[in-house]
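> Before anything else, here's the structure in question.
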Amino acid sequence: MDLIPGIDAVVELIILGVVVLGGGAGAAALLRRGDRSGTDAGATARDTDRGADTAVLDRPTDVSTGEAPTAPADRPPVAPPVEAPSIPEAPPAPPVEEEISLGERFKRRLTRTRNVLGANVAELFGKGVSDEAWDGLEEALISADVGVNATMEIVAELRTRAREEGATDAAAVLALLKDELRRALGTADRSLARADDAEPTVWLVTGVNGTGKTTTIGKLAAVERREGRAVVLAAADTFRAAAAEQLGLWADRTGARLVRKEEGADPAAVAFDGYNAAKATDADLLIVDTAGRLHNKRELMDELSKVKRVLEKQAGPLEETLLVLDATTGQNGIAQAKAFMEAVDVTGLVLTKLDGSSKGGIVIAVQRELGLPVKLVGLGEDVDDLAPFDPDAFVEGLFAEL
Ligand SMILES: Nc1nc2c(ncn2[C@@H]2O[C@H](COP(=O)(O)OP(=O)(O)O)[C@@H](O)[C@H]2O)c(=O)[nH]1
Ligand SMILES: [Mg+2]
């Protein structure tokens, strides 16, 4: 199939470059002001109680008053009203990076990518449409992580259309394939929803350990800060102190506020305090980091749904509950994701590590298997390595050589 040596690397390079450049024209464009129900949102947050063991770590703080909220599952914690905490200004946002350098960085990175969907349709169908060519295409799609089911559907549909529409050469098949891939990726709204009132927007971030939740939150905070929004990060991964410290580094770097508690603290209480801090400081956005260890699935899922319940008591329906998936884990990651979806209503996917050894077709597989749109893609470990996912640019990029 790989009749033109080196073609994969070139196609790969273009694929993600186009995704990034096509989608990276400013995250602002894809961030919409979403509807927000729950008119009583934040009613309890007026109490602004803060746990004595809660730290808002961007500065020394004088906001520690009262008892630590226990954040019960079924109703918001009740605490005596206290004076609104005075939380100092967050550090300034980092300087805006040049878009062009972003593109350049990605290009360099993507030269390492292998096995991205780079099926050379021109080669496969060069001698016309045949069973052999269809088999070759099937093989290429599966090896690009599109998934067996999606591949079978796509190829079956393609064969029908090729026959009906008289596609007899590579160019015609390619046009149909692009069309089918675009269809497989769908037309979902991939923008990140926001509160449309004076309340802070809340994005809850979930996913298995190591998929890139904390890193994605850091990158998101950077985008938001650059657009002038005040951001609070809540370290509700309390399993290890290092988790909060990692988020703290991102807060420092991006000029966001960090809300954390001691190791082992109730994650729901951290989320609760995070929302109160966002309210008290008039922040635009709260992003809640969570733990994702799977060794005790039941406990994890209970914990996660409690975090969500407590937040929703304060804030009304959350604008986003994002599920972060590691693109390099392929079908395994999809199985794990389903466990999270049982615990919380996920609104969108973030697919990280598309820069590494992952295969681009996984975007199609995860969307199809999970029934949710990929909203963002992670393309590296740095602060700028997050891009809105743009299906058109993605599909064009896959075949930009032809
Ligand atoms: N190459 C690459 N690495 C990433 C990406 N996103 C996260 N990582 C790395 O994946 C590892 C785990 O990330 P982390 O945010 O701690 O995952 P968490 O456990 O889900 O919070 C870290 O080494 C990150 O730097 C990405 O898009 N590309
Ligand atoms: Mg983490």
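Coordinate-derived values only; no laboratory data. What you see is a predicted model; the values in this text were computed from it and never measured. Note that we place each Cβ from the backbone using ideal geometry, even for glycine, and neighbour counts take in every protein chain shown.
> For an R0 of 45 angstrom, estimate the FRET efficiency from the Cβ-Cβ distance between ASP135 and ALA242 and round to the nearest 0.05.
Efficiency computed from Cβ-Cβ geometry: 0.35.
> Turning to a different aspect of this structure: What are the lysines whose alpha-carbon lies under 30 Å from the alpha-carbon of LYS297, with same-chain residues fewer than 8 places away excluded?
By straight Cα distance, LYS297 reaches LYS213, LYS219, LYS261, LYS306, LYS308, LYS313, LYS338, LYS353, LYS359, LYS375.
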